[in-house]
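Only one structure is covered here, and it is reproduced in the block below.
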Amino acid sequence: MYDVLVIGAGPAGTALAAALNHAGLRVAGLTPADPAAPWINNYGIWADELDHLDLPDVFSHRWTDCSAYMHGPEIPIHRTYAIFDNAKLQAHLLGQCAAGGMKWHRGKAAGIEHSAASTVTTEDGATISARLVVDASGHFPALVRRPAKPDVAYQAAYGIRGRFSTPPVRAGQLVLMDYRADYLTDAERRSQPPTFLYALDLGDDVYFVEETSLANAPAVSLEILKDRLYRRLAHRGIVVTEEHHIEKCLFPMNLPLPDTTQRVLGYGGAASLVHPASGYQVGAALKRAPDLAAAIINILDRGYANPGRAAWSKLWSAGAIRNRNLYLFGLECIMRFDERTLHDFFTTFFALPHPQWTGYLSNTLSTPELSLTMLNLFGMAPPRVQSSLVLGTGSHPKLLWKSLAGVG
C-alpha cells in the first residue's frame, strides 16, 4: 500500500507528486498515458512568483518589455514575464519522482472505495490502495465531487505560433492584453463579448499570437476567436506565413469549490485552483506543492480517519476562500462591463501601486490587503467603472457575504 496515490500527470499532479516524493513519502501515480508525454500548451507566469522555490531555470523565455493596450496610450507593465520550457520543467519534476522511487501505473480511475485505506479501481479492473488519494486529473476530475453550476464562465483562446509577414509586436516585446477592437464593426463591438490579443516575440522571427476571451458564460467559441485573430492581423496588414503550432484553450474559471469533507483530495483544476481573475494555475500548483506535501505528512502521521478532509482544510483555508469569493465578485463584474468600462477598469488596475496589482494577480495578498486593493481601485476609477461596480454589489451580494464568512 502506498502513502499517497496521485491521479493525473499534468503540471499540477506532477508538481505535487514530486514534492511528496522529495518529502520522503511512498507515492504512486495513475495516468492513462505516458507521464512523460509532452505538455503541449504554453504556460505563462510572472517570473518573480517562483523566486523562493528551489527550481532550476525552467523558463524558455523572459520579457522585461511588457505592455497592455486599451483605448488610450500603451500601458507599460513593469514586471518580468516568462513562459515555461515545458520539457525542462517536466523533466525536473519527473526526475524528483524517480529519485523517490515513484511508480506510475497506467490506467483511468473508474471508482474508489474507502476503509482503513482508499482503493481506486481502474477501468481495466486493476486496484491501487493508498492512505490518501489525490485527484489531479483536471477541471472535470475522475473522483473529486463538487456541486453543479449551471452558468460556468470559460476562458477560451485560439493561438498561432509561427512566422508572419510583419512582426505582430516589436522586438523583445510581450503584449499581455491588447483590447483594441478597431478591426470589428460598431455593431459587433456593442453586441459581442470583448476579446484581447496576447502576443509574444519568441526570437528568430517567430512569434506567438493568441485571441483570448478572459471569461464568458457561455464560452466564446474557438471559431469566433480564430476569425477575430485573423481579422485583427489583417487589419494591421499582417499575414501568417508559417504555422508552427496551433493552440486551443478552453477551461472553466468559476467552478464551485469541491466538497471539502470528502476523503479524496483534489489538486490543480480538480481543486478549483484556477485564479478567477486571470485563469493562471501552473505557478500556483508549483508554489503550493511543497507546503501541501508537508501538511500531508503531518496528517498521515497523526492517523486521521479522513485524511482528505484534513488536507482540504490546508488547501482551502477560510482566508483562501474569502479571497476566492472576492476574486469571483470581480470576475462577475468584469464579465458585465461594456467595452469602454472594461478599458477604463484595466487602465485603472495597472495604475494601482505596484504591490497591489502584482499581489492581486499572484494571489499573495491577505484578505484585508485584497479588500484594500479593490477599494483603492474603486476610488481611482472613472465614474462609469464605479457605477458598474456598485451595480455588481447589488447583483452579487452573496459573493461579498461569503467573503466575510469564509465559506465556499
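Restricting attention to the range 264-294, the residues being of a type outside the set (Ser, Thr, Tyr) and not in a helix (DSSP H, G or I) number 10.
Checking each residue in the range 37-73 for being touching a strand residue (DSSP E or B) at 6+ places or on another chain (Cβ under 9 Å) and among the small types (Gly, Ala, Ser) picks out 37, 44, 47, 60, 67, 68.
Which of the residues belonging to the range 374-392 are exposed (fewer than 14 other Cβ atoms within 10 Å of the Cβ) and of a type in the set (Val, Ile, Thr)? The answer is 390, and nothing else. Here residue 126 meets each of (1) surrounded by 16 or more Cβ atoms within 10 Å (Cβ to Cβ); (2) closer than 30 Å to residue 104 by Cα with one exception, condition (1). Within the range 35-46, being touching a residue at least 60 places away in the same chain (Cβ under 8 Å) and either assigned to a loop (DSSP other than H, G, I, E, B) or over 22 Å from the mean Cα position of the chain (by Cα) (or both) holds for 35, 40, 41, 42, 43. For the range 207-253, a residue qualifies if it is touching a helix residue (DSSP H, G or I) at 6+ places or on another chain (Cβ under 6 Å) and either small (Gly, Ala, Ser) or outside any strand (DSSP E or B) (or both), and exactly one does: 215.
Any read-out appearing in this document is the output of simple, stated calculations on the displayed coordinates, not a laboratory observation. Since the structure is predicted, the reported quantities are computational estimates derived from the model, not experimental observations. We place every Cβ from the backbone using ideal geometry, glycine too, and count neighbours over all the protein chains shown.
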